[in-house]
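As structure tokens, the structure follows; a few thoughts come after it.
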Amino acid sequence: NMQMGWVDAGFRFLIGDYTDDGVGDDANSWGVDGERGCLWHKGRLGTWRTLSPGQTASCAATISADGQASFLFGIDGVWDDEPVFQGMQPDSYVYPAVTGDIDATFRFNADDLRFAP
């Protein structure tokens, strides 16, 4: 299952070995799972929306001057009313990440984005 979201400097990808761990399974990542309709941080955390094939999943982050982060997610331009993760303290920096067996296109350039937060 695809888990999408944000990871920080302490997150460790396992390359070449199979694992059930993905974005949100540890303390250094925050994610959503649109297939199972749930949130992930330090393991399964709560419910979220479900994602159908062909839909666009989006994630956005804000980081305050004191280093607290909030993470927001959307499907086809319909964003969560409030960030699903707020007041998080990431280790040093965050970057977007996806784990799972997926066929997807990733867009990071603002000119290529279909849906703005």
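General remarks:
- Members of the stretch 97-117 that are assigned to a strand (DSSP E or B) and either among the small types (Gly, Ala, Ser) or open to solvent by 50 Å² or more (accessible area, probe 1.4 Å) (or both): 97
- Looking only at the stretch 75-87, residues that are surrounded by fewer than 19 Cβ atoms within 10 Å (Cβ to Cβ) and in contact (Cβ under 8 Å) with a residue 24 or more places away in the chain come to 3 in all.
- Enumeration of residues in the stretch 46-63 that are in a loop (DSSP other than H, G, I, E, B), open to solvent by 40 Å² or more (accessible area, probe 1.4 Å) and among the β-branched types (Val, Ile, Thr): 50
- Considering the stretch 30-45, the residues that are of a type in the set (Lys, Arg) and surrounded by 13 or more Cβ atoms within 10 Å (Cβ to Cβ) include one that is nearest to residue 69 (Cα to Cα), namely 44.
- Scanning the stretch 64-85 for residues that are among the β-branched types (Val, Ile, Thr), under 15 Å from the mean Cα position of the chain (by Cα) and part of a strand (DSSP E or B) turns up just one, 75.
- For residue 69, the requirement of being in contact (Cβ under 8 Å) with a residue 40 or more places away in the chain and under 19 Å from residue 37 (Cβ atoms) is not met.
- Of all the numbered requirements in (1) modelled with pLDDT of 95 or more; (2) open to solvent by 50 Å² or more (accessible area, probe 1.4 Å); (3) assigned to a loop (DSSP other than H, G, I, E, B), residue 14 misses one, and that requirement is (1).
The values are calculated or read from the model by the stated rules, or taken from the named source; none is laboratory data. Predicted model, so just to flag it, every value in this text is computed and none were measured. Counting neighbours? That spans all protein chains shown, and the Cβs are built from the backbone with ideal geometry, glycine included. Note: accessible area is taken over every heavy atom of the protein model, side chains too, but ligands, DNA and RNA are not part of it. Shrake-Rupley method; radii C 1.70, N 1.55, O 1.52, S 1.80 Å.
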